[in-house]
Amino acid sequence: MPSHDAIVVGAGLIGSAIALRLAQDGLRVALLEKNKPGREASWAGAGMLSPAPDSPAAIPLVPFGRASLNLYPQFVAEIEEISGRRGGYRGDGAIELVFSTDAERKLSTLIALHHALGLPTEPLPLDEAAKLEPALTRRAQAAAYFPYEACVDNRALMEALLAAASIAGVEVFPATAVRTIVIDDGHSTGVRTENGTMFAAGEVIVAAGAFSGLLEGIIPRLPTRPIRGQMVALKSQLPIRHVVRCEQAYIVPRDSALPQRMVTGSTLEDAGFDKSVTAGGIEKILSTARELVPKLSNAAVIELWCGLRPDTPDHLPLLGPAGVGGLTIATGHYRNGILLTPITAKLVREWIVEKRVSMDWEIFNPLRFAETEKVASAGDSVSSDEAPGNQTGRKFAHKQS
């Protein structure tokens, strides 16, 4: 029976970062992944690093998003130094275009909200937007500039992080599907896999994303569910330096070399664990991308894919101790998993090693739904502004991990 100090279930960015931090503190860490490590939501995202809230429900996340964004440059530099691989971090900022007859009112509301949240978002005159990004449409009625935002090549960072974790001593177990969190006498003692193998450890951390709710042994079960997001990669000779977005979609440039790879998306679909790419979803993404940058009509489509975001009933993470000794939850980050990776790993490491945390994370208590019917009522359907393919209800900046 394998024995470790800590077991991390789920080898995405968050799980791998937690495993690295614990290994750096001298713990013997096992990182278990049901398929190939790093190939779920962390691989599928766009890599935007934006603490700006995309809906009223996301406002409580802003302090954590700001803290995590501040950690990112050093986090990526450390991973690159350990692994010898690039992470694709870019701090060029983002531009949001507003298309509506009341664009100026929407813009002033957004700026006021962001300033109240400590986010130095600025109004951007349309002629200045055209200077920053000459390929942008001239049909927008207003624009905002997010100079503090960044992006990362999440696939490259994922590979670098896994390499860094292995170098730090983390034992990575691919194709090791966990079925049950084993709990004895009020304390987690390890996990049991689908084939019956037992991994023993004094600490278990669940970071299995949308699949966390399938794990047995945790009472009540974690209220996570998958929300599908379809994506398109384009290749174009257009030089685009900033992340460009509107309420419906976004374009994220991967690097500055021409021809340039651009990641664009995405949909919000309650489709269970179905990872199908659909004609309707891709059509909607490409239509909005062309609206933002008309000349992308000539861009080559080089990849189509989708991922499953780990949602919760209130769209906030499940983060912290689970009411059982030795069991910590770090899942349900929905559309912010890539952004929140450094701060999540920092807080979980503090909790396990020091039994304290440097930020109050009680709002993310994994047990907050235990005594209500909210899980059942919210789990049946996506709210009206998040119905499959419908993104027009976004109140604030459109953002995807």
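Listed values, structure above:
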quantity	calculated
Whole-Hz ³J(HN,Hα) from phi, Karplus 6.51 cos²θ - 1.76 cosθ + 1.60, for the range 105-118, glycine and proline x	5, 4, 5, 5, 5, 4, 4, 4, 4, 4, 5, 5, 8, x
Debye intensity ratio I(q)/I(0), log10, the range 156-292, q values 0.11, 0.12, 0.15 Å⁻¹ (C-alpha model)	-0.65, -0.74, -0.94
Antiparallel DSSP beta bridges within the chain, as percent of all bridges there, nearest 5	70
Filtered trypsin sites (Lys or Arg not before Pro), the range 331-361: DSSP coil and at most 10 other beta carbons within 10 Å	K355, R356
Segment D274-A257, extension gain: residue separation times 0.36 nm, minus the distance between their alpha carbons	2.7 nm
Helix axis angle, 62-83 relative to the chain longest principal axis, alpha carbon, degrees	70
Degrees between helix 341-354 axis and first principal axis of the chain (Cα, 0 to 90, nearest 10)	20
Placed amide H near A11: partners under 5 Å, 5+ positions off or other chain	K34, G38
Ellipticity estimate at 222 nm from DSSP helix runs (n ≥ 4, -39,500 (n - 2.57)) divided over the chain, nearest 500	-8500 deg cm²/dmol
Hydrodynamic radius by Kirkwood, which averages 1/r over all alpha carbon pairs of the chain, in angstrom	21.3
Cleavage-rule hits (chymotrypsin sites (Phe, Trp or Tyr not before Pro)) in the range 227-327: DSSP loop, at most 12 neighbouring Cβ within 10 angstrom	F273
C-alpha long axis of helix 154-167 to longest principal axis of the chain, angle in °	30
Qualifying trypsin sites (Lys or Arg not before Pro) in the range 133-201, DSSP loop, other Cβ atoms within 10 Å at most 16	R138, R139
Antiparallel DSSP beta bridges within the range 1-148, percent to nearest 5	65
Largest-first ellipsoid semi-axes for the range 228-366, taking √(5λ) over the Cα gyration tensor eigenvalues, angstrom	36, 18, 11
5 Å-binned pair-distance histogram of the range 11-126 (Cα, whole percent)	2, 9, 14, 18, 17, 14, 10, 7, 5, 3, 1, 0
The range 59-75 and the range 252-299: distance between their alpha carbon centers, rounded to Å	26
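Bear in mind that the values in this text are calculations on the coordinates, not laboratory data. Just so we're clear, the structure is a prediction, and the values are computed from it rather than from any experiment. With ideal geometry, Cβ positions are generated from the backbone for all residues, glycine too; neighbour counts draw on all protein chains shown.
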